[in-house]
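**Student:** Submitted below is the structure of interest, expressed as structure tokens.
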Amino acid sequence: MGRYVIRRLLSILVVIAILTFLTFVIYFELPPNNSIYEVFTHGQRTARASALTRQYLGLNLPFPGRYLVYVRHLVLGDRYGWPGFWYSFQTRSALKPIIASRAVVTAQLAIGAAIIWLAVGLPLGIVSALRPRTRADRISMGFAVLGVSTPVFFVGSMLLYVFWFKLGIAGSAGYVPIGQGVDTWISHMILPWITLAIPYAAFYSRMARGSLIESLGEDYIRTARAKGVAESRIVARHALRASLIPLLMMFGMDLGSLFGGAIIVETIFNLPGLGSLAVTSIQHDDLYALADITLVVCVAIAFMNLAVDLVHAAVDPRVRYARMG
């Protein structure tokens, strides 16, 4: 197991190095208009201002030098501390505290949505698999079809209209830190959580149903039944465990893909997360902010997949032995 963990960590480092290089090329080597750099100089839209800005940011060096300066800031830190996220063109302030505060909001949104979609999607799929072609199965699969096919922006707008504007039982759009009260924090986050969780819960209910039905049809399940093992024991200790392994792998990938949905949800509910920051950074040509957001999200996805791989290897030893061979 130790060798497997070391190999996975080394592979993650290689992935991060590649992502860092690609991010630098996309944001700083594909030549943008000079006006992007002139934004940094308080509106002094001249060639001289653009040249001075590029010199200040170290972008007037040859390509290897520019890339080394960029990596050195990330690894060793810059004048604003470690990690070196440098400076925002838009706010003219250090990006590290901005990225950190926004990442906390996005993490709260993602974790809450993940808990809800697992708490809803897996039980629906399990009940549907254990009672196929019944009313419970039809209701579960109807929810799955509706949840997958309904756009996130429509779900969020309707939830906000019904539960805040009409009924007044949920908080309005906007973010309230947890330090101002857990109840208030939950009332403002519950609708964004549900909005982001619905399509994933619908998808997981369908996948859990199909995976469990397939597991219940395996030869070892029939053998256990022939030996007189109780059905509840067969489902809980054999079929369910086997059926959840592929869902575990999907969970790691889906946690990473949450960022795409988070952009829409944060915009609808006015949450100050990384998604809304990415939108405003695009609007203001804030190159360093976009590069930092990309790196933070990519690194988070890489480590989430690493965590899922380690859990998978612990649950199913065949994985680690196969990959070590």
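**Student:** Quick check on residue 112: is it modelled with pLDDT of 90 or more, surrounded by 13 or more Cβ atoms within 10 Å (Cβ to Cβ) and either assigned to a strand (DSSP E or B) or under 21 Å from the mean Cα position of the chain (by Cα) (or both)?
**Tutor:** Numbers: modelled with pLDDT of 90 or more: yes; surrounded by 13 or more Cβ atoms within 10 Å (Cβ to Cβ): yes; either assigned to a strand (DSSP E or B) or under 21 Å from the mean Cα position of the chain (by Cα) (or both): yes.
Criteria met by residue 112.
**Student:** Which residue pairs have Cβ atoms under 7 Å apart, sit 6 or more places apart or on different chains, and have a first residue in the range 152-181 that is closer than 16 Å to residue 273 by Cα and β-branched (Val, Ile, Thr) and a second that is modelled with pLDDT of 90 or more and surrounded by 13 or more Cβ atoms within 10 Å (Cβ to Cβ)?
**Tutor:** Partner pairs satisfying both residue conditions: 176/184; 176/185; 176/188; 178/185.
**Student:** Residues that are surrounded by fewer than 21 Cβ atoms within 10 Å (Cβ to Cβ) and basic (Lys, Arg): does the range 236-247 have at least one? Talk me through it step by step, then tell me what you get.
**Tutor:** Start the filter on the range 236-247 by keeping residues that are surrounded by fewer than 21 Cβ atoms within 10 Å (Cβ to Cβ), which leaves 236-238, 240-242, 244-247.
Next, from what is left, pick out any that are basic (Lys, Arg): 237, 241.
Scanning the range 236-247, I find at least one residue that is surrounded by fewer than 21 Cβ atoms within 10 Å (Cβ to Cβ) and basic (Lys, Arg), so the answer is yes.
**Student:** Does residue 281 satisfy the criteria of being open to solvent by less than 30 Å² (accessible area, probe 1.4 Å), in a helix (DSSP H, G or I) and of a type in the set (Ser, Thr, Tyr)? Step through it out loud before you land on a result.
**Tutor:** Values: open to solvent by less than 30 Å² (accessible area, probe 1.4 Å): yes; in a helix (DSSP H, G or I): yes; of a type in the set (Ser, Thr, Tyr): yes.
Judged against the criteria, residue 281 is a match.
**Student:** Can you name the residue in the range 248-258 that is touching a Leu at 6+ places or on another chain (Cβ under 9 Å) and surrounded by fewer than 23 Cβ atoms within 10 Å (Cβ to Cβ) and is also nearest to residue 93 (Cα to Cα) among such residues?
**Tutor:** Among them, the one singled out is 252.
**Student:** Among what's in the range 46-104 and is in a loop (DSSP other than H, G, I, E, B), among the polar types (S, T, N, Q) and in contact with a helix residue (DSSP H, G or I) (Cβ under 6 Å, 6 or more places away or on another chain), pick the residue that is modelled with the lowest pLDDT.
**Tutor:** Let us first name the residues in the range 46-104 that are in a loop (DSSP other than H, G, I, E, B), namely 46, 57-62, 77, 79-80, 82-86, 88-93.
Narrowing the set further to residues that are among the polar types (S, T, N, Q) leaves 46, 60, 88, 90-91, 93.
If we keep only those that are in contact with a helix residue (DSSP H, G or I) (Cβ under 6 Å, 6 or more places away or on another chain) as well, we get 60, 88.
Values: 60: 77, 88: 84.
Here the residue is 60.
**Student:** Restricting attention to the range 212-240, which residues are free of Cβ contacts under 8 Å to residues at least 60 places away in the same chain and closer than 13 Å to residue 126 by Cα? Give the steps one after another, and end with the answer.
**Tutor:** Taking the range 212-240 as the starting set, the residues that turn out to be free of Cβ contacts under 8 Å to residues at least 60 places away in the same chain are 214-215, 217-234, 236-239.
Within the range 212-240, 214, 215, 232, 236, 239 meet the criteria.
**Student:** Another question about this same structure. List pairs: first residue in the range 1-12 and at pLDDT 85 or above, second residue among the aliphatic types (A, V, I, L, M) and assigned to a helix (DSSP H, G or I) anywhere in the structure, Cβ distance under 7 angstrom, at least six positions apart or on different chains.
**Tutor:** Close Cβ pairs (under 7 Å, with a partner that is among the aliphatic types (A, V, I, L, M) and assigned to a helix (DSSP H, G or I)) amount to 12/302; 12/306.
**Student:** Another question, if that's okay. Taking the condition of being open to solvent by 50 Å² or more (accessible area, probe 1.4 Å) and of a type in the set (S, T, N, Q), how many residues in the range 135-167 meet it? Even if it seems obvious, please write down each step before you answer.
**Tutor:** We begin by selecting, within the range 135-167, every residue open to solvent by 50 Å² or more (accessible area, probe 1.4 Å); these are 135, 138-139, 143, 145-146, 148-149, 151, 153-154, 157-158, 161-167.
Filter once more, keeping what is of a type in the set (S, T, N, Q): 149, 157.
The total comes to 2.
The values are calculated or read from the model by the stated rules, or taken from the named source; none is laboratory data. Note that the coordinates shown come from a computational prediction; the quantities given were computed from them, not determined experimentally. Cβ: placed from backbone, ideal geometry, glycine included. Neighbour counts: every protein chain shown. Areas reflect the complete protein model, heavy atoms only, side chains present, ligands, DNA and RNA absent. Shrake-Rupley method; radii C 1.70, N 1.55, O 1.52, S 1.80 Å.
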